[in-house]
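Written below as structure tokens is the structure these notes are about.
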Amino acid sequence: MRAEMATEIYAARCMVYDVIEKIDRREEDRAGASMAKLFAAEVTNRVADKAIQIFGSQGLEKGHPVEKMYRSSRMFRILSGTSEIQKNTIAKELFKEKAL
Ligand SMILES: Cc1cc2nc3c(=O)[nH]c(=O)nc-3n(C[C@H](O)[C@H](O)[C@H](O)COP(=O)(O)OP(=O)(O)OC[C@H]3O[C@@H](n4cnc5c(N)ncnc54)[C@H](O)[C@@H]3O)c2cc1C
């Protein structure tokens, strides 16, 4: 589980850095930005979920660091554009490219 968590975090970090580099070069990549936000938010949730699994029932106790992490991680799929809205943006950009 730790290997899966580390791999997903690495992949999310690569996506975020890639988009940041494009922004620095003033290249527009709306789909890429939404993909990075979507993937990082979903990874945050999956990693926090696995952390609870590793700690077992202890991880569910209110105030335990991984319980707090799990609760906090959930907000990333809602705030600053829900996962569904990120998917809508990605799809719109993909269809726009096809229409060109
Ligand atoms: C911890 C936290 C901090 C926040 N901080 C801020 C902040 O600082 N500033 C700020 O402006 N807002 C903030 N928000 C608000 C946040 O941006 C909104 O909650 C978010 O945009 C979703 O809007 P909503 O809650 O009205 O849900 P709704 O828009 O009512 O959506 C409800 C559900 O329907 C889905 N949905 C809606 N439309 C579509 C669609 N067209 N296609 C598919 N699915 C759809 C959504 O994905 C969601 O799952 C914060 C929210 C949280 C939880």
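Residues in region 1-26 that are surrounded by fewer than 14 Cβ atoms within 10 Å (Cβ to Cβ) and closer than 13 Å to residue 42 by Cα: 2 in all.
Among residues of region 65-88 that are more than 8 Å from the ligand (Cβ to nearest atom), those with a beta-carbon under 8 Å from a residue that is assigned to a loop (DSSP other than H, G, I, E, B) at least six positions away or on a different chain give the pairs 67/61.
When 76, 95 are checked against the criterion of being of a type outside the set (Asp, Glu) and exposed (fewer than 13 other Cβ atoms within 10 Å of the Cβ), 95 stands alone in meeting it.
Just so you know, all these numbers are worked out from the coordinates, no wet-lab data involved. In this text, all values refer to a predicted model and were calculated from it rather than measured experimentally. Positions of Cβ are backbone-derived with ideal geometry, glycine not excepted, and every protein chain shown enters the neighbour counts.
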